[in-house]
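The values are calculated or read from the model by the stated rules, or taken from the named source; none is laboratory data. Small disclaimer: the values here were computed from a predicted structure and weren't measured. Neighbour counts run over all protein chains shown; Cβ positions are idealised from the backbone, glycine included. Heads up: the accessible areas ignore ligands, DNA and RNA and are worked out on the full protein's heavy atoms, side chains in. Shrake-Rupley method; radii C 1.70, N 1.55, O 1.52, S 1.80 Å.
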Number of protein chains: 2
Amino acid sequence: MTRPGLHVSELDTPALVLDLDAMERNLARMAAYAAGAGVRLRPHAKMHKSAELARLQLAAGAVGVCVQKTSEAEALAAGGVDDLYVSNEVIAPAKLARLAALARTLRARGGRLAVAVDHAEGVARLGEAVRAAGAEVDVLVEIDVGQGRCGVPPADRDPLAAVELARRVAATAGLRLAGLQAYHGKAQHVRAVEARRAAAAGAIASARATREALERAGLPCPLVTGAGTGTFAFEGASSVYGELQAGSYLFMDRDYADNEWAPSQPAFEHALFVAAQVMSAGQGRAVVDAGHKSHAIDSGLPRVHDPAGRRRFAFENGGDEHGILRPADGGPPPALGERVWLVPGHCDPTVNLYDRYVGVRGGLVDGRVERIVAIDARGAVT
Amino acid sequence: MTRPGLHVSELDTPALVLDLDAMERNLARMAAYAAGAGVRLRPHAKMHKSAELARLQLAAGAVGVCVQKTSEAEALAAGGVDDLYVSNEVIAPAKLARLAALARTLRARGGRLAVAVDHAEGVARLGEAVRAAGAEVDVLVEIDVGQGRCGVPPADRDPLAAVELARRVAATAGLRLAGLQAYHGKAQHVRAVEARRAAAAGAIASARATREALERAGLPCPLVTGAGTGTFAFEGASSVYGELQAGSYLFMDRDYADNEWAPSQPAFEHALFVAAQVMSAGQGRAVVDAGHKSHAIDSGLPRVHDPAGRRRFAFENGGDEHGILRPADGGPPPALGERVWLVPGHCDPTVNLYDRYVGVRGGLVDGRVERIVAIDARGAVT
C-alpha cells in the first residue's frame with residue numbers, strides 16, 4: 001500500500017499525486033501576490049476539496065475559503081476550517097437549515113459563514129432558516145458579469161435588479177449585506193492575455209457600476225469578491241475587487257497552462273498529476289491504466305509529462321479505464337510496466353474522483369511519499 | 001437524510017437515482033434473451049460497481065460478472081460475488097500478487113477468477129504470482145477485434161500472434177487457457193443498426209478465425225467472450241461467442257438510447273437518473289444544481305427527462321456544479337426549486353462519482369425510496 005517513504009516509482013497506479021514542493025511554491029507565490037496587491041485572498045476550495053490544504057492556505061494568509069455546495073462547507077468545517085463562503089445559491093429548505101446550523105457552529109468557533117443570493121425567494125428562504133436557527137450569515141448579492149449562469153443583471157445592464165435584491169437582504173433579519181459576488185468564469189480560459197484582460201475589464205466595469213448603484217441607494221457594499229486563476233491579476237489591480245477567489249493556482253491544470261500568460265503575473269507550476277502505468281504495449285502504441293475514470297476530460301485530455309524532460313507522447317482517450325500513448329518525438333512508445341505522469345485537463349473534477357492525494361516530496365523522478373492528504377469533500381455534490 | 005419511505009419529490013439533490021422497477025424489467029429482459037439464445041451472460045460490473053446489483057444479476061442467471069480493475073474485483077468479492085473475470089490486462093507485480101490471493105479466496109468459496117492477457121511478459125508475471133500464491137486462474141487471450149487498444153492481432157490479421165500467446169498460457173503452470181477475449185467497444189455506439197451489425201460481423205469473423213487457428217494448433221478454446229449492450233444480439237446469434245459481457249443494458253444511458261435499435265432486439269428502459277433541482281432562475285433559463293461533478297460528459301450531455309411526459313428542455317453544460325436548462329417546447333423554464341430528472345450521457349463514469357444509489361420504487365412522479373444501494377467499487381481505479 002501507499003505509505004510514507006515509498007519511492008515514486010513504486011506507487012500503485014493510477015494515483016492522484018501532489019508534488020508538495022511545487023504546490024508550496026504556488027501557495028507562496030499567490031500569497032505574496034495578494035499581500036503585495038493589498039487584496040484579500042479567499043481561494044476556492046471546490047478545487048481541492050481538502051481541509052488540510054485549506055488550512056495551509058489560511059496559514060499562508062488567506063482570509064477563508066470559498067465552497068460551492070452545502071455539503072462541501074460541512075466537510076471542510078468538520079476538518080477545522082472556520083471561515084467559509086458558499087459562493088453559490090442555495091434554495092432547498094433542507095439545505096438552508098443545514099447551512100444555518102453550520103453558521104451557528106462556525107460563529108461559536110469564532111468563524112463565519114457567508115452565502116450568495118440571486119433571487120428574492122432565496123433571500124426569504126435563507127432569512128427564515130437563519131432566524132429559525134438563531135444564526136446570522138453574511139450575504140453576497142451575485143451579479144452576472146459575463147458567465148451567463150447565475151446572478152442578477154449588473155447595474156450597467158439593469159439599474160434596479162441588484163439594488164432591489166440588496167435592499168431585501170439588508171431588510172432581512174439575520175442577514176448581513178456583505179457586498180457583491182461577481183465571478184466571470186468564462187473569462188478564465190480566454191487564451192490571449194489581452195483578450196482575457198478585456199473580458200475581465202467588462203466584469204470589473206459591471207461590478208463597479210453595481211457597487212456605485214448600491215452606494216447611491218444608501219446600501220453598504222463593503223466587498224466585491226470574485227476572480228479566478230486566469231484573471232485574478234486584473235481584478236486584483238482594479239480597486240473594485242477586494243477579494244480574489246482563485247483556486248486552481250495551487251495545482252495548475254493543463255487547461256490553465258494552455259493560456260498565454262503575461263510576464264508580469266506570478267507563474268504557477270503543475271503540482272497535480274495522475275501517475276499511470278503501461279499495461280499493454282505493441283504496434284507503435286502503449287496503453288496506460290488511466291482513462292476518464294481517473295481524470296476528468298471536460299476541459300480536454302491530459303498532457304503526458306516526462307519529469308526527466310526527455311520524451312514526448314501524445315495522449316488519446318482510450319475510454320473509462322485506458323489511455324493510449326503514441327510517441328510524438330520519433331522514439332519508441334513507453335514499454336510495458338513503465339510509469340507515465342499525466343497532467344489533468346481540469347483539476348477540480350479530477351480531484352473529485354479520488355479519496356486522497358499522495359503527497360510526494362523531492363520531485364517525480366526520485367521523490368518519496370511524504371504524506372497522504374485526505375480529500376474530505378470528495379463527492380460532496382449536495 | 002435520504003431514508004426508505006421518502007417521497008421522490010423530497011430527495012436531496014443532486015442524487016443518483018435507480019428506478020428499481022425499470023431496472024428489474026431490464027434485468028429480466030436480458031436474462032430472457034440470454035436463456036433464449038443459449039449463451040452465457042457475464043455482465044460488466046465496471047458499469048454499476050455494486051455487489052448488490054451483481055448478486056441480482058447472478059440470481060437472474062448470469063454466470064458471473066466482469067470487472068476491469070484489480071480493486072474492483074476485490075470490492076465485489078468482499079460483497080459476496082464469487083465468479084469474477086478481470087477482462088483487462090494486469091501487469092504490475094503488486095497487483096498480480098493481489099489477484100493471485102483473490103483467486104485463492106474465490107476458489108475456497110467455490111468460485112473462480114479469470115483474467116485477460118495480451119503479452120508474453122504479462123503471462124510470465126501472472127504465472128509467477130499465481131504459483132507463489134498456490135493459486136490457479138483462468139486466462140483469456142485478448143484479441144483486438146476493432147477497438148485498437150489492447151489485445152494481440154486476431155488470426156485473420158496475424159496467423160501467429162494469438163496462437164503463440166495461447167501456447168504460452170497453456171504451457172504455464174497455474175494458468176488454464178480458457179479461450180478468447182474479443183470485445184469491440186467502438187462498435188457499440190455506431191448509430192445505424194446495419195452499420196453496427198457490420199462492425200460486429202467484423203469482430204465475429206476475427207474471433208472465429210482465431211478460435212479456428214487455436215484449434216488447428218491443438219490448443220483448447222472453450223470460450224469466446226465479449227460484446228456490449230449495442231451489439232450483443234449479433235454476437236449472441238453468431239455461434240462463435242459463448243458469453244456476453246453487456247453491462248449498460250441494466251441502466252440504459254442517453255448515449256445508448258441514441259442508437260437506432262432493431263425491432264428484434266430486447267428494448268431497455270432508462271433506469272438511472274440524476275435528480276437535480278433549479279437553484280437559480282430568470283431571463284428565460286433555469287440553472288440546476290448538477291454539473292459535471294454530478295454526471296459524466298465524456299459521451300455528451302445528459303438529456304432532461306420529464307417523468308410526466310409533458311415538458312421538453314435543452315440541457316447546456318454550466319460547469320462543474322451547474323446545468324443550464326432552456327425550454328425546448330415554447331413554455332417557460334422550470335421554476336426555482338423545481339425538481340428535474342437527468343438521464344446521464346454515459347452511465348459507467350457517472351456511477352463512479354457517487355457512493356450510493358437511491359433505489360426508488362413506484363416511478364419518478366409518485367414513487368418512494370425503497371432502499372439505498374451501495375456502490376462498493378466507487379473510485380476503484382487501481
*What residues in the range A:319-343 lose 20 Å² or more of accessible surface when the other protein chains are added to their chain alone (1.4 Å probe)?*
A:Asp320, A:Glu321, A:His322, A:Ile324, A:Leu336
*Taking amide H positions as placed 1.01 Å from N in the peptide plane, with prolines and chain starts having none, which residues 5 or more places from B:Leu301, or on another chain, fall under 5 Å of its amide H?*
none
*Sticking with the crude label model, points 7 Å out along Cα→Cβ, report the distance from B:Asp258 to B:Ala374 in nm, one decimal please.*
3.5
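Excluding ligands, DNA and RNA, what is the accessible area buried between chains B and A, summed over both sides, using a 1.4 Å probe, to the nearest 100 Å²?
4400
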*Could you compute the FRET efficiency for B:Met1 and B:Asp306, with r as their C-beta to C-beta distance and R0 at 25 Å, rounded to 0.05?*
0.40
_Virtual spin-label span in nm between B:Arg109 and B:Ala335, 7 Å along Cα→Cβ_ = 5.1
*Rg/Rh for the range A:1-117, where both radii come from Cα atoms and Rh is the Kirkwood radius*: 1.05
*For the range B:34-98, what does the equivalent ellipsoid look like in terms of its semi-axes, each the square root of 5 times an eigenvalue of the Cα gyration tensor, given largest first in whole Å?*
23, 13, 8
*Amide proton proximity set for A:Val340, modelled H, under 5 Å, gap of 5+*: A:Ala276, A:Gln277, A:Val278
*asked:* Please give the Cα centre distance for the range A:132-182 versus the range B:2-22, rounded to the nearest Å.
replied: 32
_Debye-sum result for the range B:118-188 in log10 I(q)/I(0), which assumes one identical scatterer on each alpha carbon, at q = 0.13, 0.17, 0.27 Å⁻¹_ = -0.38, -0.61, -1.16
*Counted charge near A:Arg368, where neighbours are those whose Cβ lies closer than 14 Å (Asp, Glu -1; Lys, Arg +1)*: -2
_13 Å tail of the calculated P(r), the range A:155-206, as % of Cα pairs_ = 66
*Where does the protein assembly as shown land on Rg/Rh, using Cα atoms and the Kirkwood Rh?*
0.99
*FRET efficiency for A:Glu121 and A:Ala314, using Cβ-Cβ distance with R0 set to 45 Å, rounded to 0.05*: 0.35
*Give the long-range amide H neighbours of A:Val115: residues separated by 5 or more places, or on another chain, with amide H under 5 Å away, using H modelled in the peptide plane at 1.01 Å from N.*
A:Val86, A:Asp138, A:Val139, A:Leu140
_Just to be sure I understand the interface: list residues from the range A:353-382 that lose 50 Å² or more of accessible area between the chain on its own and the complete protein assembly, 1.4 Å probe._
A:Leu353, A:Arg378, A:Val381
*Does anyone have the angle between helix A:193-216 and the longest principal axis of chain A? Alpha-carbon axes, 0 to 90°, nearest 10?*
20
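When the helix-only estimate is applied to chain B (DSSP H runs of n ≥ 4, each -39,500 (n - 2.57), divided by the residue count), what is the mean residue ellipticity at 222 nm, nearest 500 deg cm²/dmol?
Dividing the helical sum by the residues of chain B leaves -9000 deg cm²/dmol.
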*Kindly write out, for the range B:22-38 in residue order, the coupling ³J(HN,Hα) from the Karplus curve 6.51 cos²θ - 1.76 cosθ + 1.60 (θ = phi - 60°), rounded to whole Hz, with x marking Gly and Pro.*
5, 4, 5, 5, 4, 4, 5, 5, 5, 4, 5, 4, 4, 4, x, 7, x
*Of A:Gln245, A:Thr350, A:His305, which is farthest along the charge dipole of the range A:231-363 in the positive direction, counting Lys and Arg as +1 and Asp and Glu as -1 at C-beta?*
A:His305
_Bin width 5 Å, origin at 0, all Cα-Cα pairs of the range A:249-307: what percent of pairs per bin?_
4, 14, 22, 22, 16, 10, 6, 4, 2, 0
*Each residue of the range B:92-97 in order: what ³J(HN,Hα) in whole Hz does its phi give by Karplus 6.51 cos²θ - 1.76 cosθ + 1.60, θ = phi - 60°, with x for Gly and Pro?*
5, x, 5, 5, 5, 5
*Of all the C-alpha pairs in the range B:6-56, what % are more than 15 Å from each other?*
60
*Roughly how many Å is it from the Cα centre of the range B:349-370 to that of the range B:231-248, as a whole number?*
29
*At q = 0.14, 0.18, 0.21, 0.29 Å⁻¹, what log₁₀ I(q)/I(0) does a Debye calculation on the Cα points of the range B:186-253 give, no solvent, two decimals?*
-0.43, -0.66, -0.84, -1.27
*Return the carbon/sulfur percentage of the accessible area of chain A, one whole number, probe 1.4 Å, all protein chains in place.*
52
*Using only atoms on other chains, find how many Cβ atoms lie within 10 Å of each Cβ of peptide A:149-155 and report the average.*
4
*asked:* Inside 10 Å of the C-beta atoms of A:89-96, what's the mean count of C-beta atoms belonging to other chains?
replied: 5
*In Hz, Karplus ³J(HN,Hα) per residue of the range A:43-49 (6.51, -1.76, 1.60; θ = phi - 60°; x = Gly, Pro)*: x, 7, 7, 4, 6, 9, 6
_Mean separation of Cα contacts under 8 Å, 6 or more apart, over the residue count of the range A:147-202: relative contact order %_ = 23
*Can you list the residues of the range A:1-27 that have at least 50 square angstrom less accessible area with all protein chains present than in their chain by itself, probe 1.4 Å?*
A:Asp12
*Rounded, prolate or oblate: which one fits the range A:53-167, using the alpha carbon gyration tensor with axes a ≥ b ≥ c (rounded when a/c is under 1.5, else prolate when a/b beats b/c, else oblate)?*
oblate
*Which listed pairs, of B:Lys49/B:Lys186; A:Lys186/B:Lys49; A:Lys69/B:Lys95; A:Lys186/B:Lys186, have C-alpha distances above 30 Å, in listed order*: A:Lys186/B:Lys49; A:Lys69/B:Lys95; A:Lys186/B:Lys186
*Of all the stretches in chain A, which is the longest one without any exposed loop site, taking trypsin sites (Lys or Arg not before Pro) in a DSSP loop (any state but H, G, I, E, B) with at most 15 other Cβ atoms within 10 Å?*
A:192-309
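How large is the accessible surface per residue of the range A:20-132, computed with a 1.4 Å probe and reported in Å² as a whole number? Present the calculation step by step, with values, prior to reporting the outcome.
Working: 3680 Å² over 113 residues.
Per residue, the range A:20-132 has an accessible area of 33 Å².
Apply the a/c threshold of 1.5 to the C-alpha gyration tensor of the range B:304-377 and tell me whether it is rounded, prolate or oblate.
oblate
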*Say each of A:Ala201 and A:Arg25 gets a label point 7 Å from the Cα, pointing the same way as Cα to Cβ; how far apart are those two points in nm?*
3.3
*Can you tell me what the convex hull of the Cα atoms of chain B projects to on average, as an area in nm²?*
18.8
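Expressed as cubic angstrom per residue, what is the convex hull volume of the alpha carbon set of the range B:203-287?
Values: hull volume 11.5 nm³, N = 85.
Convex hull volume per residue, Cα atoms: 136 Å³.
Rounded, prolate or oblate: pick one for the range A:108-246, where a ≥ b ≥ c are the square roots of the eigenvalues of its C-alpha gyration tensor, a/c under 1.5 means rounded, and failing that, prolate if a/b is larger than b/c, else oblate.
Prolate is the answer for the range A:108-246, as a/c is 1.5 or above and a/b outweighs b/c.
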_Residue mean of other protein chain beta carbons inside 10 Å, B:281-290_ = 4
*Take the Cα gyration tensor of the range B:238-382, multiply each eigenvalue by 5, square-root it, and list the three semi-axes largest first, rounded to whole angstrom.*
28, 19, 16
